[in-house]
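Notes follow once the structure below has been shown.
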Amino acid sequence: MPLVTEPTRAVQVLSAPLVIEYPFKRTTGPVVGAFLTGLRERILLGTRASDGRVIVPPAESDPVTGDDLTELVEVGPGGEVTTWAWVHHPHPKHPLDRPFAWALVRLDGADTAMLHVVDAGTVDAMRTGMRVEPRWRDEREGAIGDLACFTPEQG
Amino acid sequence: MVDVVLPESLRGVEPVRSVRIPARLEYRYTPGAASSRFLRGIAEKRILGERCSVCQKVYVPPRGACPTDGVPTAEQVELAHAGTVVSFCVVNVAFYGQEMEIPYVTANIRLDGSDLPIMHLIQECPADEVRIGMRVEAVWVDDADLGPTLESIRWFRPTGEPDADVDIPGEGVGTGLGSWVGGTAPGEGP
Amino acid sequence: MGKDRVAVVGIGQTEHQATRGDVSMAGLVREAAARALADAEVSWADIDAVVIGKAPDFFEGVMMPELYLADALGASGKPLFRVHTAGSVGGSTSIVAAQLVQAGIHERVLTVAFEKQSESEAMWALSMPIPFQPPLHAGAGGYFAPHIRSYIRRAQAPDHIGILVALKDRTNALRNPHAHLHEHDITFHSIKDSLMLWDPIRYAETCPSSDGACAMVLASEAVGDEAAAAGRTPAWVHGTAMRSEPTMSADRDTVLPLGGAQCAAEVYRQAGITDPRRQVDCAEIYVPFSWFEPMWLENLGFAEPGQGWRLVEDGATALDGDLPVNMSGGVLSSNPIGASGMLRFAEAAMQVRGAAGEHQVDGARLAVGHAYGGGSQFFAMWVVGADKP
Amino acid sequence: MKRDVAVISFAQSAHVRAVDSENEVEMLMPVVGDVLGAIDMTMDDIGFTCSGSTDYLAGQAFSFVMILDGVGPWPPIQESHVEMDGAWALYEAWVKLQLGEIDTALVYCCARASAGDLPMVLTRQLDPYTAGPLWPDSISLAALQARALIDAGKATEADMAEVAARSRRAALDNPVAQLAWDRPAGELLTEDHLVAPLRRHDCPPISDGVAAVALAAGDAAGDRCRRPAWISGIDHRVEPIHLGLRDLTESRSTRLAAERAGVHDGPLDVAELHAPFTHQELILRDALGLDATTAVNPSGGALAANPMMTAGLVRIGEVASHIHDGTANRGVAHATSGPCLQQNLVCVLEGDGAGGRRR
């Protein structure tokens, strides 16, 4: 016969690690694909919008009219930091393993700034408006990580 | 597909069409108090359901709430290790994370004394002999391997008892099912 | 206060494929949305609000992807709303969008639903491991097969009914240029001989895994009237309903769920339907495994309990039957999960607009769209008509 | 003409760093019991139920499906779910009530943000091709916004510290707050930066918690609640996700939503702003046009407790509570979603005396 008891409310509650991991394979379409192709070839691209602005990373659609954007134009390689944040203690998932800056960088010829990191060594080397240039990874595959980081422009 | 105009420097270059972006996130999973009570019981080779004080239904595994009444299930009920196959599926395909030899049978098994079937494996019986109404019992892993997981029950196997009458979930509830055709659905009001 | 009339004035869908390798996620939703806008002869700027739906975010590995898609959906500066009600989401997304017009809040609402399952793998996302639980489920088929077996026993249905449904839907899909599966060589025997994946479900009785999107422009009565005057027949919404029930209730009937029956009763009440079998001209219902056609025919009041399979056997649900079901080829022929419900709703609307092309039901004036999700516990339906309600 | 709809009850759990002894169903049940019990109602009295959550918080697909069992949805109910903050679930319920077919609604949400590494989990919201792979955590992105605000001369680190000090001090009077203390702003500024220019005090805690709201339309509201908090306006707007496409120093979408919701149609006694970071309160005050006559975040706001997907609904509930108990006549609640205030909802609530209820 079933034994009936009061539930043991003081039970030690269980917990366990749960890992969500998947090697997502993303198809890029022509616009994002062109941007990533450019990175592989060490070329930075934006799309030209209907109002003439150049948007980087390239937008697939016009922020004003909503229409498809199809004209890809070369920008950079240098640019200007429009805002930045200094990371004293990088997270293991961050792109750099030493203190660095997140930054919005407006590349030469672009009208909008893109998000990436600046390897500046120390926080004192960072300022809004500073000039930066890309540092490319040696092994490139057509991904945002091909652009390893920006660095303060020399000279 | 949209046709794009590329700058001179990228014309004739093999374009990137896809990109592989692995992502890993680490979480801490907590099954909650009721499930922990249940799983701690399993680790001791006991199957503990919980009864709703309103509708008197016994839920196993308990989730802490009676989904009919929205109240905590307060009363613990120890259940038999035997039950009846309510329905089942013969699986002929291997899946991610699945180490069973195919074909294998997964079944909805209503343990004696409970009101909701659990899903588990049927083994020690050819797949084509499994049937609705078959009486089955739990086969536990060795005591040394018992743990707070339903995997402590390796599978269920036939008891050899005569088949039981199966009340397919919902069949005996008297909701009228689809018999409201052309009229008013049960519970919907005029 | 009260309910204004709402019309479907634009419909678009993508070509559905296992992998849409030619587009990004944004490109996929824009393909459907742009076609819906073109159909409605409106521009992105004419849209007041966007309502988007999809199934779990883990499919694409983007959390709340509508945030990233805001620009692609032309939603910048506008309200953007995201619905998620499991497999019924494409239906409930359409209903939420319709209600924004019915409540008089917006004039033109763009609603979109999508899934790009190829970014991950549906089986992975649907059966992600949960600690303390053995990995038994073997996907959605493993979950639903016992319910189908219960139905077969309860209705004493012959084994070949599932095969007949699959043959019908896949044959209908040959007339639908957007469908994922175009199996020109399919026969009764090729289905019968296909692998019994989750007995009683055969491989050929199972939905595919697709990339795809669907979109509609829902609009006010005034906009619907303009469309009609311009010769672009709108579909008028005659009723919408949603019902949900618990996962673990002991009272639940997983074969003919009460929530499904109540959802149908409510949507028919709104549409003034008292005899669905006679009054409804055609229906697109959510059938991911072939046996769900007879089950839902009973649940939705098109047949008495236990008799749904006879409609299949008699050919009543064929394209030339008296109650055509899944004229588009259904979920069995295209299954971008998040969009699958909206595709049902959209096909119902296409039928009453007389715009369903090769899979048009002659003279269809009142049609039902249906979607379900979870463990047969979330339901969304609408009734659309060629005439104003 | 809109139908009069009011918040008639609000309940929330204590917000804590981590609930580890309960699953979401167990967390939710008592709060639903509280919100309905306070107005002497049960699920049978509710016409429509809507919830908000995201699978990414606890790492489980279809997490809302099992959570629904916690409200006892039997016989079957009219129900919906948004993969958004509960404030948007309330918006859906408000729309549903406009149709005149039902008179009552329940809105709930449940946050277990502690299960994962939240600032990293939130990177999964970003553009999956060009931003997500860099794992720019939510604190770093907020820091970019704070710097832009400082560079534009619209705020200083001292202004931000004042927000932190005032919010955590206010939280001392909020029994469900997670983070409450009384320290002078000047002292806060002596601490090191976490992600410069943000210090730890500029950032929200990670919180687990539950909230629920009951809505009623027309006479049904007055029947159950002595002083209903009427929703006189509600609207929400979104902006592009890419930070480079926005002026980070202002919240255009909040400004738009505020105009549509009629924020400026009368004086505001209280504002509850979903500003997870100190500088965001300054941006939102500006976008909403708030002045010194409005008490901002008397609960301590998201700086006192920030249960993801729930904190927005809590803001609406907090303003409603002030109207219920007569300490305010008219107030505004705000909810946000996405990086750096990408998407914003504004809800104006009024008591009967505020002249807002259209009859």
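Below are the figures for this structure:
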| read-out | value |
| --- | --- |
| Residue ranges of strands (runs of 3 or more DSSP E) in the stretch C:1-118 with at least 2 members open to solvent by less than 10 Å² (accessible area, probe 1.4 Å), more than 8 Å from every other protein chain (Cβ to nearest Cβ) and free of Cβ contacts under 8 Å to residues at least 40 places away in the same chain | none |
| Qualifying residues in the stretch B:42-83 (those that are facing chain D (nearest Cβ under 10 Å) and among the charged types (D, E, K, R)) - the one surrounded by the fewest Cβ atoms within 10 Å (Cβ to Cβ) | B:ASP69 |
| Residue match in the stretch D:302-319 (condition: touching a His at 6+ places or on another chain (Cβ under 7 Å), within 18 Å of D:ALA165 (Cβ to Cβ) and not assigned by TED's automatic domain parsing to the domain that holds D:PHE10) | yes |
| Unmet criterion (only one of (1) closer than 18 Å to D:ASN23 by Cα; (2) over 18 Å from the mean Cα position of the chain (by Cα); (3) among the hydroxyl-bearing types (Ser, Thr, Tyr)) for B:SER53 | (1) |
| Number of the condition not met by C:MET327 [criteria: (1) of a type outside the set (Val, Ile, Thr); (2) over 19 Å from the mean Cα position of the chain (by Cα); (3) farther than 20 Å from C:GLY374 by Cβ] | (2) |
| Yes/no for B:PRO7 being more than 7 Å from chain D (Cβ to nearest Cβ), touching a strand residue (DSSP E or B) at 6+ places or on another chain (Cβ under 6 Å), open to solvent by 10 Å² or more (accessible area, probe 1.4 Å) and within 30 Å of C:GLU15 (Cα to Cα) | yes |
| Whichever residue in the stretch D:44-62 is touching a residue at least 24 places away in the same chain (Cβ under 8 Å), assigned to a helix (DSSP H, G or I) and closer than 22 Å to D:VAL213 by Cα and, among such residues, is farthest from the other protein chains (Cβ to nearest Cβ) | D:ASP45 |
| Some residue of the stretch A:3-26 being in contact with a strand residue (DSSP E or B) (Cβ under 8 Å, 6 or more places away or on another chain), closer than 30 Å to B:LYS57 by Cα and within 14 Å of chain C (Cβ to nearest Cβ) | yes |
| Of residues in the stretch B:10-24 being out of contact with any strand residue (DSSP E or B) (no Cβ under 7 Å at 6 or more places or on another chain) and β-branched (Val, Ile, Thr), the one nearest to the other protein chains (Cβ to nearest Cβ) | B:VAL16 |
| Cβ pairs under 8 Å, 6+ apart, first in the stretch C:264-281 and open to solvent by less than 50 Å² (accessible area, probe 1.4 Å), second acidic (Asp, Glu) | C:ALA265/B:GLU188; C:GLU266/B:GLU188 |
| Residues of the stretch D:171-191 satisfying the condition of being surrounded by fewer than 21 Cβ atoms within 10 Å (Cβ to Cβ) and either part of a helix (DSSP H, G or I) or free of Cβ contacts under 8 Å to residues at least 60 places away in the same chain (or both) | D:LEU172, D:ASP173, D:TRP181, D:ASP182, D:ARG183, D:PRO184, D:ALA185, D:GLY186, D:GLU187, D:LEU189, D:THR190, D:GLU191 |
| Pick from the stretch B:84-99, criterion open to solvent by less than 50 Å² (accessible area, probe 1.4 Å) and more than 8 Å from chain C (Cβ to nearest Cβ), ranking: nearest to A:TYR22 (Cα to Cα) | B:VAL85 |
| Members of the stretch D:234-265 that are at positive phi and in contact with an Asp or Glu (Cβ under 8 Å, 6 or more places away or on another chain) | none |
| Condition check for D:ALA211: part of a loop (DSSP other than H, G, I, E, B) and either crowded, with 24+ Cβ neighbours inside 10 Å or under 22 Å from the mean Cα position of the chain (by Cα) (or both) | no |
| Conditions (1) open to solvent by 30 Å² or more (accessible area, probe 1.4 Å); (2) assigned to a loop (DSSP other than H, G, I, E, B); number of the one not met by A:GLY66 | (1) |
| Residue tally, condition under 13 Å from C:GLU293 (Cβ atoms) and out of contact with any strand residue (DSSP E or B) (no Cβ under 8 Å at 6 or more places or on another chain), over the stretch C:315-331 | 6 |
| Pair list, Cβ < 8 Å and 6+ apart or interchain, from the stretch D:129-157 residues that are under 17 Å from D:THR336 (Cβ atoms) and touching a residue at least 24 places away in the same chain (Cβ under 8 Å) to residues that are in a loop (DSSP other than H, G, I, E, B) and among the small types (Gly, Ala, Ser) | D:ALA146/D:ALA155; D:LEU149/D:ALA155 |
| Matching residues, the stretch D:70-99, being at the interface with another protein chain (Cβ under 7 Å from one of its Cβ atoms), modelled with pLDDT of 95 or more and in a loop (DSSP other than H, G, I, E, B) | D:GLN78, D:GLU83, D:MET84, D:LEU99 |
| Search result, residues across the stretch A:97-129 that are open to solvent by less than 40 Å² (accessible area, probe 1.4 Å), part of a loop (DSSP other than H, G, I, E, B) and within 10 Å of another protein chain (Cβ to nearest Cβ) | A:ALA110, A:THR112, A:ALA113, A:MET126, A:GLY129 |
| Some residue of the stretch D:101-108 being open to solvent by 10 Å² or more (accessible area, probe 1.4 Å), free of Cβ contacts under 8 Å to residues at least 12 places away in the same chain and within 14 Å of chain B (Cβ to nearest Cβ) | no |
| Meets criteria (within 14 Å of chain D (Cβ to nearest Cβ) and touching a helix residue (DSSP H, G or I) at 6+ places or on another chain (Cβ under 7 Å)) for B:TYR27 | yes |
| Criterion (within 30 Å of D:ASP69 (Cβ to Cβ) and open to solvent by 10 Å² or more (accessible area, probe 1.4 Å)) met by exactly one of C:ILE337, C:ILE285 | C:ILE337 |
| Scope the stretch D:18-41; condition assigned to a loop (DSSP other than H, G, I, E, B) and modelled with pLDDT of 95 or more; matching residues | D:ALA38, D:ILE39, D:ASP40, D:MET41 |
| Filter result for A:VAL73 (open to solvent by less than 40 Å² (accessible area, probe 1.4 Å), under 15 Å from the mean Cα position of the chain (by Cα), within 7 Å of another protein chain (Cβ to nearest Cβ) and over 27 Å from D:ASP151 (Cα atoms)) | no |
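Let's see how each residue does on (1) surrounded by fewer than 19 Cβ atoms within 10 Å (Cβ to Cβ); (2) assigned to a helix (DSSP H, G or I); (3) under 40 Å from the mean Cα position of the chain (by Cα):
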residue: B:ASP3; (1), (2), (3): yes, no, no
residue: B:PRO22; (1), (2), (3): yes, no, yes
residue: B:ALA34; (1), (2), (3): no, yes, yes
residue: B:LEU39; (1), (2), (3): no, yes, yes
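The values are calculated or read from the model by the stated rules, or taken from the named source; none is laboratory data. Everything numeric here is computed off the predicted structure, so don't read it as measured data. When we count neighbours, we look across all protein chains shown, and the Cβ atoms used for this are built from the backbone with ideal geometry, even at glycine. Just so you know, the surface numbers come from the protein's heavy atoms only, side chains and all, with ligands and any DNA or RNA stripped out. Shrake-Rupley method; radii C 1.70, N 1.55, O 1.52, S 1.80 Å.
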